[in-house]
Amino acid sequence: MEFLFNVDLYNALSKRMTTRKYGNVELSEKNLLKILWAGVGKNRESNGRTAPMPLGDVIINLYVASRDGVMLYNGEKNSLKSVSKEDIRAKIAHQDFVGDAANVIIMTADIESYPDSINKESRNIWTHATAGAVAQNIYLAAASLNLGTAMIAWIKHDEIEKLLPLKKVEKPFYIMPVGK
């Protein structure tokens, strides 16, 4: 798979910022897949990912909400699968600007997938650290494509759980609107 961003890391870092104003222009599927791949995509023959995963297990899932519904990203195949036809963008955050973005990435995690020997506090810390690495990769990919994003923690967890077909142990952690 070829995922060239044609920008050096220092340029992406200098352009990386939080954006709170969006137009409603849909991203191309190619650019959306680039951004998602940067978040949790497979980048080597083993099960290795672009962001560090605790114990090598993929614990973060990325969903993408748009006006056409919600899709789940498959990092192994770099593909999207429709899971809902409902436009949920304006329903999942407390900030109005989230609903203005053409695409909103919803980051979920399964903190129950850790071995029993890992205590709950460590599970939470490791999951938030992983989510931060995923988010930073998404920020850099968006910046390299001249797009904006924001990592938002003040989300409507209960609403997201009702609107998405999440596994019982899968919980929403953050959302990231993406666009111009």
With +1 on the Cβ of every Lys and Arg and -1 on the Cβ of every Asp and Glu, the dipole magnitude of the range 31-110 about its Cα centre, in debye rounded to the nearest 20, is 220 debye
Any chance you could look up the accessible area of Asp96 with a 1.4 Å probe, heavy atoms only, rounded to 10 Å²?
140 Å²
Selection from Ser82, Ile111, His94, by position along the positive dipole direction of the range 72-126 (Cβ)
Ser82
Going from most exposed to least, what order do Asp110, Asp158 have by accessible area with a 1.4 Å probe?
Asp158, Asp110
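In the chain, what percentage of the DSSP-assigned beta bridges are antiparallel, given to the nearest 5?
Numbers: 28 of 29 bridges.
Counting DSSP beta bridges with both partners in the chain, the antiparallel share is about 95 percent.
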Just in the range 35-135: which trypsin sites (Lys or Arg not before Pro) are loop by DSSP and have at most 11 other Cβ atoms within 10 Å?
Arg44, Arg67, Lys77, Lys85
For Glu121, Glu76, Glu170, give the ranking by accessible area with the largest first, probe 1.4 Å.
Glu121, Glu76, Glu170
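By accessible area of protein heavy atoms, probe 1.4 Å, what ranking do Lys15, Lys34 get, highest first?
Lys15, Lys34
In deg cm²/dmol and to the nearest 500, what is the mean residue ellipticity at 222 nm of the chain if only DSSP H runs of at least 4 residues count, each as -39500 (n - 2.57), divided by the residue total?
Value at 222 nm, helices only: -9000 deg cm²/dmol.
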Using r as the Cβ-Cβ distance of Asn146 and Asn119, and R0 as 35 Å, what FRET efficiency do you calculate, to the nearest 0.05?
0.25
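How big is the charge dipole of the range 22-74 about its Cα centre, in debye rounded to the nearest 20, if each Lys and Arg gets +1 on its Cβ and each Asp and Glu gets -1 on its Cβ?
On the way: 6 positive and 5 negative charges, 28 e Å.
With Lys and Arg at +1 and Asp and Glu at -1, about 140 debye.
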Solvent-accessible surface (1.4 angstrom probe) belonging to His94, in square angstrom, nearest 10
80 Å²
Once you have the Cα-Cα distance between Asp8 and Arg44, take 0.36 nm times their residue separation minus that, and quote the gain in nm to one decimal.
10.9 nm
For Ser79, residues with placed amide H under 5 Å, excluding near neighbours:
Asn74
The simple spin-label model distance between His157 and Lys77, using points 7 Å out along Cα→Cβ, in nm, is 3.2 nm
Rh (Kirkwood, all Cα-Cα pairs) for the range 53-180, Å, reads 15.0 Å
If you place +1 on the Cβ of every Lys and Arg and -1 on the Cβ of every Asp and Glu, how big does the dipole about the Cα centre of the chain come out, in debye to the nearest 20?
280 debye
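The values are calculated or read from the model by the stated rules, or taken from the named source; none is laboratory data. Computed from a predicted structure; not experimentally measured. All Cβ positions, even for glycine, are placed from backbone atoms using ideal geometry, and neighbour counts span all protein chains on display. The area values use the complete protein model at the heavy-atom level, side chains included, leaving out ligands, DNA and RNA. Shrake-Rupley method; radii C 1.70, N 1.55, O 1.52, S 1.80 Å.
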